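Structure, as structure tokens:
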Amino acid sequence: MTKTILQQNNTSTHTLESYLSAVFTEAFTELGFDTSYAKVQLSARPELSQFQCNGAMPLAKIQKRAPLQIAQDIVEQVKGNLIFTEISAIAPGFINITLSDTFLARWTTEILNDQRLGCPKVHTPTKVMMDFGGPNVAKPLHIGHIRSPLIGDCLQRVYRFCGDEVLSDVHLGDWGTQMGMLIEEIKKMYPDLPYFDESFTGSYPKESPVTVDELSEIYPRASARCKADESELEKARLATAKLQQGHRGYLALWQHFIDVSIKALKQDYADLGVYFDLWKGESDVQHLIEPMVKDALEKHYAEKSQGAIIVPVAKGESDKTPPLILVKSDGAVMYGTTDLATILERVRDYKAQKIIYVVDKRQSLHFKQVFAAAKKMGIAPNVEMVHIGFGTLNGKDGKPFKTRAGGVMRLSTLIDEARSRASLRELHDIPENARQDTIDKIAFATVKFADLSNVYTSDYIFDLDKFSQYEGKTGPYLLYSAVRIKSILRKLGQVEATSKILPASNDSERKLQLVLTQLPNAVAKTYDKCEPHHLCEYAYQVAATFNKFYAESPIAGEQNITLQNGRIALSQLTLKQLEFVLGLLGIEIPERM
Ligand code: ARG
């Protein structure tokens, strides 16, 4: 088990819980109790207290005394500490803890004035490579392609923020049979092109014979033809093998596919606000494959089987994991082969210590085989490989999402639908030139928040009507809440940067302060488990708690200037946190909406 980020940073400065645990640890030491039970956590019964310590129960067994007595001893020991306003032992042995308002306000003020809003960095940065996006050349992005970049991009932001060294790779699908299909289809369309002339020795045209839009029409046609006719598929396979072996004309034609596709894809991902450090693909490791396979055969990690070369990966008799095929009997290399060679490259050239794949969970078996083969073949020693396998996006019928006509929906169509929902909103005080930008921001917030707020492994129903609501756990609600704080602060004019949060003057103010202490926990959970939904959950809690606070606590209308300033500072911290968390989710907040 690797340590979680908070365990790595077990100093009292990072989370309120660890600070309180340190106070309890001291008391436990005084009392001669095992300090591993001195853990303080957020209360499971917020109506009773803010925090709790349950250590008396396990201690009772060791000490052979009633848990309530032990709890009372502990309470006696700590109750003089002025950071507590109420601390009590209750049956059977819980300790309920409520902080003094002064202490809570001091804590939140520190977060407000901390550049990292109280969040720790990892002790020793890890070199992490992230593999997400995974688009295929010549196929336009469709709705099934949305989850990987959204989850992957959020995780790369979180990992970077926590201090790791991250390199993200889009890992284009550019080397499979679909390439041969395209080549054969274009040969049918334009047989006279020089790419197909075996005796051609000149230089090939600079311009692509096909545009990216044409490619996206050619591909389904080619694919359908190969599905219907085995001999067509055979031709496509042969063309793929020739391409992989370096056929000059095919390579030149293929390069056009790559160039036009990358250009379009870069635009699509930029529109989504998703960024990649590397634009590599399956084809980039072709040169590593032959030596890798040779080595695996020599060392007996791989073996020949019915003309193919395979790596058995099952561990023992009962393990039914099928072997990974490295080379097919026709000599073509497979998806797993390029994935293995890519691991080799990532470890050797990029010094990756951890590789995270954000890919549909239907590929779980594939990654299981690849990771096992990589370990067996010794190409990833001490490298942690993780598959973040996400669920499917379904229609209201619970089946994979389709357009009304029954086809696969393009990603751009989906975003446009979100835009048209967003444009239904009456936008206030927005200059004409900011209108489109605001609508875009609402649309992206709608889609991104909806996607990221699910536990990534679950399938979910894509219901734009629901996601576009301005109430509940939705992107628009979050934006609306943040914009509202912006507007409150704007109306009050410039406020000092190092403002002070004051002891709460009512319960909703106290609750808001308490929630705002939880940011490091939300970030840590996301980091440790690669689960963005913790951030969504946190952002929602912050927004909802603020809105409740604001309904009960006037800010502009508050006559007492000291009180007003404290509330302004609290609103500033709320806004900072919302901006920060939504930023990690890849969501931008407009000025007005
Ligand atoms: N292009 C692949 C697909 O469409 C996804 C690639 C995922 N990444 C990887 N290294 N295998 O299924």
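Each value in this text was obtained by applying a stated rule to the coordinates, not by laboratory testing. Quick caveat: nothing in here was measured; it's all calculated off a predicted structure. Cβ coordinates were reconstructed from backbone atoms using ideal geometry, including for glycine residues, and neighbour counts include every protein chain displayed.
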Inset, instruction - Among the listed pairs LYS79/LYS576; LYS402/LYS466; LYS266/LYS328, give every one whose C-alpha distance is greater than 25 Å. - result: LYS79/LYS576; LYS266/LYS328
Legend entry - Table column - 3J(HN,Hα) (Hz), the range 395-410, Karplus curve with 6.51, -1.76, 1.60, x for Gly and Pro: x, 4, 7, x, 9, x, 4, 10, 6, 4, 7, x, x, 7, 7, 5
Legend entry - Three-way shape label, the range 216-297, alpha-carbon gyration tensor, a/c 1.5: oblate
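Is the shape of the range 430-515 best called rounded, prolate or oblate, per the rule: a/c under 1.5 gives rounded, else a/b larger than b/c gives prolate, else oblate, with a ≥ b ≥ c the square roots of the Cα gyration tensor eigenvalues? Walk me through the numbers on the way to the answer.
Working: a/c = 2.90, a/b = 1.39, b/c = 2.09.
Oblate shape, in that a/c is at least 1.5 and b/c is the bigger or equal ratio.
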Inset, instruction - Would you mind checking the tilt of helix 507-516 against the longest principal axis of the Cα atoms of the chain, expressed as 0 to 90 degrees and rounded to 10? - result: 40 degrees
Inset, instruction - Give the calculated FRET efficiency between ARG490 and GLU110 to the nearest 0.05, with a Förster radius of 41 Å applied to their Cβ-Cβ distance. - result: 0.95
Legend entry - CD proxy at 222 nm, helix term only [per DSSP H run n ≥ 4: -39500 (n - 2.57); per residue of the chain; nearest 500]: -16000 deg cm²/dmol
Legend entry - Alpha-carbon centroids, the range 48-69 and the range 77-114: separation in whole Å: 18 Å
Inset, instruction - Just the number, please: percent antiparallel of the DSSP beta bridges in the chain, rounded to the nearest 5. - result: 50 percent
Inset, instruction - Measure off 7 Å from each Cα along the Cα-to-Cβ vector at LYS263 and SER88, then give the distance between these two points in nanometres to one decimal. - result: 7.3 nm
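Give the peptides 39-47, 412-420, 537-545, 21-29 in descending order of average Cβ contacts within 10 Å, highest first.
537-545, 21-29, 412-420, 39-47
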Inset, instruction - For an R0 of 25 angstrom, estimate the FRET efficiency from the Cβ-Cβ distance between THR124 and ARG160 and round to the nearest 0.05. - result: 0.95
Inset, instruction - Go ahead and collect, in residue order, the members of the range 437-471 whose backbone nitrogen is under 11 Å from a label point 7 Å along the Cα-Cβ direction of LYS361. - result: 455-460
Inset, instruction - Would you please classify the overall shape of the range 291-333 from the alpha carbon gyration tensor, given that a ≥ b ≥ c denote the square roots of the eigenvalues, rounded means a/c under 1.5, and beyond that prolate means a/b larger than b/c while oblate covers the rest? - result: oblate
Inset, instruction - Could you size up the charge dipole of the range 370-420 around its Cα centre, putting +1 on the beta carbon of Lys and Arg and -1 on that of Asp and Glu, and report it in debye to the nearest 20? - result: 160 debye
Inset, instruction - With a Förster radius of 60 Å, plug the Cβ-Cβ distance of GLU217 and ALA66 into 1/(1 + (r/R0)^6) and report the FRET value to the nearest 0.05. - result: 0.20
Inset, instruction - Would you please give the residues with an amide H less than 5 Å from that of ASP360, counting only those at least 5 places away or on a separate chain, with H modeled from the backbone geometry? - result: PHE390
Inset, instruction - Quick one: work out Rg over Rh on the C-alpha atoms of the range 149-227, Rh as Kirkwood radius. - result: 1.20
Legend entry - Projected area averaged over orientations for the range 81-162, convex hull of C-alpha atoms, nm²: 11.0 nm²
